[in-house]
1. Compute the FRET efficiency between R13 and D33 as 1/(1 + (r/R0)^6), taking r as their Cβ-Cβ distance and R0 = 22 Å, and round to the nearest 0.05.
2. Below 23 Å, Cα to Cα, which lysines can K4 reach? Residues fewer than 8 away in the same chain don't count.
3. Show me, for region 25-32, the HN-Hα J-couplings you get by feeding each phi into the Karplus relation (A = 6.51, B = -1.76, C = 1.60, θ = phi - 60°), rounded to Hz, glycine and proline as x.
Amino acid sequence: MDSKPHDFKDQARYIGSLKKDEQLCDFYEVVIDGKIQYVYIPVGLEQNGSED
């Protein structure tokens, strides 16, 4: 598996913001290798993914 980050900004479809485990998250639909995947990103995280 490739560990380099990928840029999906032109491929992801924003679904909406919903609560997951008491944290507000943005949900996206992304097609990876021909399969639909759903990813969530907790709202308020910095772009590099750290919470510092």
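Only the coordinates and a few stated rules stand behind these numbers; no lab work does. All of these numbers come straight from a predicted model, not from anything done at the bench. Please note: Cβ atoms are built from the backbone with ideal geometry, for glycine as well, and neighbour counts cover all protein chains shown.
1. On the way: r = 17 Å, r/R0 = 0.75.
The formula returns an efficiency of 0.85 here.
2. K35
3. Running phi through 6.51 cos²θ - 1.76 cosθ + 1.60 with θ = phi - 60° gives 10, 8, 9, 10, 10, 10, 9, 10 Hz.
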